[in-house]
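Remarks on the structure that follows.
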Amino acid sequence: MEDNTLIVVRGGGDIATGTICRLHRCGYKVLVLEIAQPRAIRRTVSLADAVYTGSHTVEGVTAVLADNIEHCDKIWQNDAVAIMVDPKAECLLALKPLALVDAVLAKINLGTTKDMAAITIALGPGFSAGEDVDAVIETARGHNLGRVIYTGSALPNTGIPGSVGGYSAERVIYAENSGTLVIVKDIGSIVKKGEVIATIDNVPVYAPFEGVIRGMIQNNSPVKRQLKIADIDPRLSATEYCLTISDKARCISGGVLEAILFLQSSPSIH
């Protein structure tokens, strides 16, 4: 039987967390599906971190790691978000949620289809609204950020991060070699240009400019060359941003909520 209070969200990264928190506050039961070792960069504002710690709170919303569906019920009763390691969404064989939101942001469709829930929504490029899912939410910064698309696709991925304080591509740091990452300066730290912020198999990773570390992959993570491992914000006042949902994530979450309410009341669309 369909549960009109349950929404399943694939992915618990920082952008997904904006949607998860908004849906939770609006009274929905939310189940987040993650991989066994999430690679969220902005861990402090990513509910996916609960996979490592057992529970994680962002802006007063707590996600608790669940062992199974029965455990999810107890978590929801305690007014929390449930999160399970289930990358293939196998739990949907037993659940019939009102909506499924693909918030993995992989830039490609990793297996979400319209028959997975009464309403299906995907964030960003890689999906076609009306074919793969019922609606797609635009994730590219600009005039259409957060727009709900019912026919067609989001803008293709440019691969270039948005500009902050005059820095764009430089803000994101990628691993220059494979190995195990060890954090030297974690999220929230103010660093100088050239300062060591981490090591990968004892090879130092340097800050490209002065700023605040806003994102850093989990300590002791195995990484491959060219994997995104950190994010630096040039605004020295940005330490508070490390603990709150971003403007982009909030905007996108509004589009998700709008799509759910519209599609729920418009059977001709679904």
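Look at the range 7-18: where a residue is touching a residue at least 24 places away in the same chain (Cβ under 8 Å) and farther than 20 Å from Ile217 by Cβ and a partner is surrounded by fewer than 24 Cβ atoms within 10 Å (Cβ to Cβ) and among the aromatic types (Phe, Trp, Tyr), sitting 6+ places away or on another chain with Cβ atoms under 7 Å, you get Ile7/Tyr28. Considering (1) in contact with an Asp or Glu (Cβ under 6 Å, 6 or more places away or on another chain); (2) within 22 Å of Cys26 (Cβ to Cβ); (3) without any contact (Cβ under 8 Å) to a residue 40 or more places away in the chain, the lone condition that Leu261 does not fulfil carries the number (1).
For every residue, the table says whether it meets (1) under 19 Å from Pro161 (Cβ atoms); (2) touching a Pro at 6+ places or on another chain (Cβ under 9 Å); (3) of a type in the set (Asp, Glu).
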position	(1), (2), (3)
Lys192	no, no, no
Glu195	no, no, yes
Pro208	yes, no, no
Ile217	yes, no, no
Asp233	yes, no, yes
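Using the structure shown, decide if Lys107 is within 28 Å of Thr44 (Cβ to Cβ), modelled with pLDDT of 95 or more and out of contact with any strand residue (DSSP E or B) (no Cβ under 7 Å at 6 or more places or on another chain). Against the criterion (within 28 Å of Thr44 (Cβ to Cβ), modelled with pLDDT of 95 or more and out of contact with any strand residue (DSSP E or B) (no Cβ under 7 Å at 6 or more places or on another chain)), Lys107 does not qualify. Out of Ile137, Ile200, one residue alone is more than 28 Å from Leu33 (Cα to Cα), crowded, with 20+ Cβ neighbours inside 10 Å and in contact with a Gly (Cβ under 6 Å, 6 or more places away or on another chain). It is Ile200. The residues in the range 167-194 that are more than 25 Å from the chain's Cα centre (by Cα), farther than 23 Å from Leu243 by Cα and surrounded by 15 or more Cβ atoms within 10 Å (Cβ to Cβ) can be counted, and the count is 0.
On inspection, Ser265 qualifies as of a type in the set (Ser, Thr, Tyr) and loosely packed, with under 15 Cβ neighbours inside 10 Å. Of all the criteria given as (1) farther than 23 Å from Pro87 by Cβ; (2) assigned to a strand (DSSP E or B); (3) hydroxyl-bearing (Ser, Thr, Tyr), the one not satisfied by Thr180 is (1). Please work out which one of (1) of a type outside the set (Gly, Ala, Ser); (2) under 17 Å from Ile41 (Cα atoms); (3) surrounded by fewer than 16 Cβ atoms within 10 Å (Cβ to Cβ) is the condition Glu210 fails and give its number. Only one criterion is unmet by Glu210, namely (2).
The values are calculated or read from the model by the stated rules, or taken from the named source; none is laboratory data. Worth saying up front: this structure is predicted, and the values here are computed from it rather than measured. Glycine gets a Cβ as well: all are built from the backbone with ideal geometry, and neighbour counts include every protein chain shown.
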